[in-house]
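*Asks:* One structure is given below, represented as structure tokens, and several questions about it will come after.
The values are calculated or read from the model by the stated rules, or taken from the named source; none is laboratory data. Note that the structure is predicted; figures quoted are calculated from it, not measured. Methodologically, a virtual Cβ is constructed for each residue, glycine included, from the backbone with ideal geometry; neighbour enumeration extends over all protein chains shown. For the accessible areas, the whole protein counts, side chains as well, though only heavy atoms, and no ligand, DNA or RNA atoms are used. Shrake-Rupley method; radii C 1.70, N 1.55, O 1.52, S 1.80 Å.
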Amino acid sequence: MISSPLSRSLFLLLFLLLLNLPSILCLSIAPQPPIKPVLIVGATGRVGRLAVSSLVSQGIPCRAMCRNIDRGRKVLREPMKAGPGLVTLVKGDVTDTESLRNAIMGTRAVLLLHGTLHPTPIHALLLPIYWSTHAPLTLGASKSHPYFTNYIAMQDVVSCCEKYGVERVVRLTGLSCGLSPWNPVSVLFNALLSFSGRYHRLGEEVLRSSGSVQAVVLRPGGLSDGVRDGEKTRVQLDLACEIPPPARVGRADVADAAVLAGVDGSGLISGVGEHVTAAVRWVGDVEPRGQGNLEEGEKTVGEAWRKAVERGGGRGTEKRQGGWKFALAHGIYVYGLLAAVVKIALKVGGLGMRLAGF
């Protein structure tokens, strides 16, 4: 016989526990849905391979898209060894719609960490017909041209992500993408690298045009392989993209920033509720000379993201820049420089002829 109130309470608790034991056991052994992988485009690149390692260290499965599977196995040997079964290599190219579609299907986020190095041919540098936004398509440029990798491919990415319910796309571009078309740095990069910056900018606008996929654009400064001392050098993220030069930053921190934005386990980025554009650099003791103030940055990338979201900023609302501005700026600088070179050459030639007695 149960006499005391305490004994009766314990007996009732035990009775209820036994009564619900089947339900508790079913909950504990019920299969959990598999975690969707994160797709990394450009996984064998110097930032992409660090992003793969970052995901593996957190136990997050990823798909590493690469053009050459054998090279992928070689470059990603260490993370594949560290996380057996977490890294899946998929053959594909960002300019190949079919392979891109197959790689994106079934993923939770896409990290676009690829890039291209396509020097401008002399004829394209000098002839205005090549400065049109759509010139590479009509003039038979290779698929490695920034027009395809930085711009057209973004249209396919958005289409596939919307079709397969991907939550977020993270794109790595560069700090110079936020510069005016008339800025000398912008003109230099565009003139030497087949208008790479302009096509990056157009690709960003394509990603932001989606109404169902959140776009996070990362614009780092000059990339470095150096290791950061958290006490002397910190990370700064700015959603207003108003970080002044110099703006060097480590590839490892850029990779971590991309992974955090793509996975977003704390809901920090999704809480913004719209597209995000963030500039990123180191501040403090940065070789060969310091940049910014230590107080402007944070010791960890996660803390830097949190501070940036709290401060707010542009958040992907930048005004569209017409292609004619880039073309006009390019023409003024290039032909102005060419005229100066010709003028100097004529003067030097005339001086030489006078000295020779002609």
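*Asks:* What stretch of the chain, leaving out the sites themselves, is the longest with no GluC sites (Glu not before Pro) in a DSSP loop having at most 14 other Cβ atoms within 10 Å?
*Replies:* 1-230
*Asks:* Ranked from highest to lowest mean number of other Cβ atoms within 10 Å per residue, what is the order of the peptides 256-263, 287-294?
*Replies:* The densest-packed peptide leads the list: 256-263, 287-294.
*Asks:* With only Lys, Arg, Asp and Glu charged, each at its Cβ (+1 for the first two, -1 for the last two), find how big the charge dipole of the chain is about the Cα centre; round to the nearest 20 debye.
*Replies:* Here the size comes out at about 700 debye.
*Asks:* Return the long-range amide H neighbours of Arg67 (sequence gap of 5 or more, or a different chain), with a cut-off of under 5 Å between placed amide H atoms.
*Replies:* Gly92
*Asks:* Can you give the FRET efficiency to the nearest 0.05 for Ser270 and Ser99, using r as the Cβ-Cβ distance and R₀ = 25 Å?
*Replies:* According to the calculation, E is roughly 0.30.
*Asks:* Whose amide H sits under 5 Å from the amide H of Arg281, counting only residues 5 or more places off or on another chain, with H placed in the peptide plane?
*Replies:* Gln236
*Asks:* Something else: How big is the C-alpha Rg of the chain next to the rule-of-thumb value 2.2 N^0.38 Å, as a ratio?
*Replies:* Compared with the compact-globule rule of thumb, the chain sits at 1.29.
*Asks:* For a quick check, take a GNM of the chain with Cα springs below 10 Å and name the residue from Ile69, Ile35, Ile243 with the largest mean-square fluctuation.
*Replies:* Result: Ile35 has the largest fluctuation of those listed.
*Asks:* Moving to a separate point now. What lysines sit close enough to Lys307 to cross-link, taking a C-alpha to C-alpha distance under 19 Å and skipping anything fewer than 8 places away on the same chain?
*Replies:* Lys232, Lys299
*Asks:* In whole Hz and in residue order, list the ³J(HN,Hα) couplings for region 227-244 that follow from phi through the Karplus curve 6.51 cos²θ - 1.76 cosθ + 1.60, θ = phi - 60°; x for Gly and Pro.
*Replies:* So the J values, rounded to whole Hz, are 9, 8, 8, x, 7, 9, 9, 10, 9, 10, 10, 9, 6, 7, 6, 10, 6, x.
*Asks:* Give the lysines whose C-alpha is closer than 23 Å to that of Lys91, dropping any in the same chain fewer than 8 places away, or say none.
*Replies:* In chain and number order, the partners are Lys36, Lys74, Lys81, Lys143, Lys163.
*Asks:* Round to a whole number: what % of the accessible area of region 202-254 belongs to carbon and sulfur, probe 1.4 Å?
*Replies:* 50
*Asks:* Now for a separate question. So what is the relative contact order for region 98-229, in percent, with contacts set as C-alpha pairs under 8 Å and at least six apart?
*Replies:* 33
*Asks:* Test of understanding: what is the full-extension gain from Lys325 to Leu192, defined as 0.36 nm times their sequence separation minus their Cα-Cα distance?
*Replies:* In short, 46.2 nm is gained.
*Asks:* Another question about this same structure. Please determine, in degrees from 0 to 90 and to the nearest 10, the orientation of helix 153-164 with respect to the longest principal axis defined by the Cα atoms of the chain, where the helix direction is its Cα long axis.
*Replies:* That helix lies at roughly 20 degrees to the long axis.
*Asks:* In Å², and per residue, what accessible area does the chain have when probed at 1.4 Å with the other protein chains present?
*Replies:* Dividing the accessible area of the chain by its residue count gives 52 Å².
*Asks:* Let me ask you something else. Report relative contact order for the chain in percent, whole number only (criteria: Cα-Cα under 8 Å, sequence separation at least 6).
*Replies:* 15
*Asks:* With each pseudo-label sitting 7 Å past Cα toward Cβ, what's the Asn68-Lys343 distance in nm, one decimal?
*Replies:* Between Asn68 and Lys343, the label points sit 4.8 nm apart.
*Asks:* Here is a follow-up. Quick one: with all protein chains in place, what share of the accessible area of region 63-166 is carbon or sulfur, to the nearest percent (1.4 Å probe)?
*Replies:* Ligands and nucleic acids excluded, carbon and sulfur reach 56 percent.
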